[in-house]
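Below is one structure; the comments refer to it alone.
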Amino acid sequence: MIQKFEKIKKIKGELVLPGDKSISHRSVMLASLAKGKSFIHNLSNSEDVLSTKKCFTQLGASIIDNGDTVEIVGRGYKGFVKSENELYAGNSGTTARLLMGILSGQNFSSVITGDKSLSSRPMRRVIEPLSLMGVKTETASEQFLPIKIFPPKEIVPINYELPVASAQVKNAILLAGLHCSSSTEVIENIPTRNHTELMLGLKIINSNKKIISVVSKKNYPESNEYFIPSDISTASFFIVLTLLTKQSELLLKNISLNDTRTGILKVLQEMGGKIELLNENIINGEKRGDVFIQSSELRNVKIDNTIIPNIIDEIPILAVAGLFADSSFEIRNASELRKKESDRINSICYNFRLLGLNVNEYEDGFKVEGDIQNQQVIFESFGDHRIAMAFSILSLLLDEGAAVNNFECVKISNPDFITQLKSISYY
Ligand code: S3P
């Protein structure tokens with residue numbers, strides 16, 4: 001489906017966005033692992049989290065959606081039942097990779113499949129540490145999905161330094177390590193999102209600029225009540241739109257302000273963005289608060305490589321902000337972008353070229369400069385929700401508007417994107 005957008009005049013109002021996707025996946029997983037009843041408030045209504053819910057239902061958890069609250073009765077230690085059918089992770093890398101860790105600790109073998117995009121994303125990065133933990137796997141080709149997982153009798157604890165800054169890889173190891181009486185350690189050189197560590201209350205050691213997370217059976221989750229803050233990655237599209245629209249202001253309520261996720265706010269503030277944090281508080285170990293945004297004049301800044309994992313999902317919309325900021329926008333050290341729902345370096349560069357901009361594409365990033373030559377273009381989403389939303393925002397900022405092809409993929413993270421947009425837009 002092609003979605004058209006007209007130039008927007010002003011943004012004004014307030015939004016309550018859906019629950020953070022990363023925390024939502026983890027809440028469903030930990031509640032399903034725990035014995036007994038857990039409650040989750042403000043669970044994300046994204047298609048990705050639906051994939052996680054379906055997988056854990058197949059493994060024997062009872063998941064009842066009561067509107068605002070989801071009630072989960074979990075199975076307890078090694079208590080899942082073998083699924084008769086393959087576990088389908090859809091488009092969701094988090095579902096597939098975290099599930100690989102959890103299934104490694106069960107008493108039965110399982111198969112995980114995914115859609116076309118997920119089946120072309122690398123799984124070797126998870127298979128390698130899991131194999132050191134004694135887990136056997138079978139993949140049809142080159143370590144891509146579908147994958148069959150054969151857990152060992154007893155998980156072998158490991159001490160593993162992540163070769164790639166990936167929260168999903170870290171989590172697969174931590175969740176497998178939950179099924180072993182001795183400690184597993186995961187060592188990071190650059191911090192990645194730490195929601196699981198906070199939720200499980202893991203011991204974290206900071207040593208020599210490295211972060212070491214320690215996990216064992218002692219950290220196995222108990223039933224709990226989870227209050228999920230709204231998704232900062234989803235918020236970033238509305239934040240950039242407000243900054244770049246004249247005479248605009250927007251209040252976003254109860255946004256996740258976890259330090260491993262707020263890089264986008266820091267970079268935009270450094271660029272001159274008027275962004276204020278209000279009513280900050282902590283629930284379930286997770287910082288949250290309201291975010292107030294006003295129209296701003298932006299200038300590009302150098303983006304440090306240690307912040308890349310913190311802003312990895314926001315780079316498509318950050319590039320849109322950079323396009324309207326003073327001087328050229330450049331991002332490097334971000335080759336992980338090529339391993340996302342689409343090859344995001346290629347997706348962004350392709351769409352910028354449609355506008356007649358001067359684009360230099362590198363293996364690990366890109367640089368964009370020049371003036372917009374063409375309007376009323378049809379951007380390509382490449383079936384990638386964050387590309388679709390970033391170029392929807394860009395379309396709203398063009399004098400003659402533009403459109404986004406294959407727009408329906410926004411449901412992967414935010415099915416209500418258009419409704420939310422309409423509620424704050426003035427034309
Ligand atoms: C996620 C981790 C990141 C991020 C993804 C969600 C998570 O992926 O891009 O959208 O919930 O752990 P990587 O770990 O592959 O960088």
Checklist entry - Take the residues of the range 320-336 that are surrounded by fewer than 23 Cβ atoms within 10 Å (Cβ to Cβ) and among the small types (G, A, S): which is nearest to K274 (Cα to Cα)? => result A325
Item to check | Filter pass, N206 being at pLDDT 95 or above, among the polar types (S, T, N, Q), within 14 Å of the ligand (Cβ to nearest atom) and closer than 30 Å to N254 by Cα | outcome: no
Checklist entry - Within the range 190-200, is there a residue that is open to solvent by 10 Å² or more (accessible area, probe 1.4 Å) and under 17 Å from G105 (Cα atoms)? => result yes
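When the residues of the range 152-168 are narrowed to those that are under 27 Å from the mean Cα position of the chain (by Cα) and assigned to a loop (DSSP other than H, G, I, E, B), which ends up farthest from the ligand (Cβ to nearest atom)? I'd like the intermediate steps shown before the answer.
Looking only at the range 152-168, we keep the residues that are under 27 Å from the mean Cα position of the chain (by Cα), and these are 158-168.
Retained after the next criterion (residues that are assigned to a loop (DSSP other than H, G, I, E, B)): 158, 162-166.
Details: I158: 18, L162: 10, P163: 13, V164: 8, A165: 7, S166: 4 Å.
Applying the filter and picking the extreme gives I158.
Yes or no: N374 open to solvent by 20 Å² or more (accessible area, probe 1.4 Å), within 20 Å of the chain's Cα centre (by Cα) and over 25 Å from E188 (Cα atoms)?
Spelling it out, it is not the case that N374 is open to solvent by 20 Å² or more (accessible area, probe 1.4 Å), within 20 Å of the chain's Cα centre (by Cα) and over 25 Å from E188 (Cα atoms).
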Checklist outcome for this item: By my count, strands (runs of 3 or more DSSP E) wholly in the range 218-337 with at least 2 residues that are under 21 Å from the mean Cα position of the chain (by Cα) are 225-227, 249-256, 274-283, 286-294
Item to check | Any hit, the range 28-43, residues being more than 13 Å from the ligand (Cβ to nearest atom), farther than 28 Å from K218 by Cβ and either under 24 Å from the mean Cα position of the chain (by Cα) or open to solvent by less than 40 Å² (accessible area, probe 1.4 Å) (or both) | outcome: yes
Checklist entry - Is it the case that some residue within the range 381-391 is closer than 21 Å to K9 by Cα and among the hydroxyl-bearing types (S, T, Y)? => result no
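Each row is one residue, and each column tells you yes or no for (1) more than 15 Å from the ligand (Cβ to nearest atom); (2) open to solvent by 40 Å² or more (accessible area, probe 1.4 Å).
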| site | (1), (2) |
| --- | --- |
| G114 | no, no |
| S119 | yes, no |
| I147 | yes, no |
| I173 | no, no |
| S183 | yes, yes |
Next on the checklist: I'd like to know if the range 1-15 contains one or more residues that are assigned to a loop (DSSP other than H, G, I, E, B), open to solvent by less than 30 Å² (accessible area, probe 1.4 Å) and either within 16 Å of the ligand (Cβ to nearest atom) or within 29 Å of K148 (Cβ to Cβ) (or both).
Outcome noted: no
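The values are calculated or read from the model by the stated rules, or taken from the named source; none is laboratory data. No experiment lies behind these values; they were computed from the predicted model shown. Cβ coordinates were reconstructed from backbone atoms using ideal geometry, including for glycine residues, and neighbour counts include every protein chain displayed. Just so you know, the surface numbers come from the protein's heavy atoms only, side chains and all, with ligands and any DNA or RNA stripped out. Shrake-Rupley method; radii C 1.70, N 1.55, O 1.52, S 1.80 Å.
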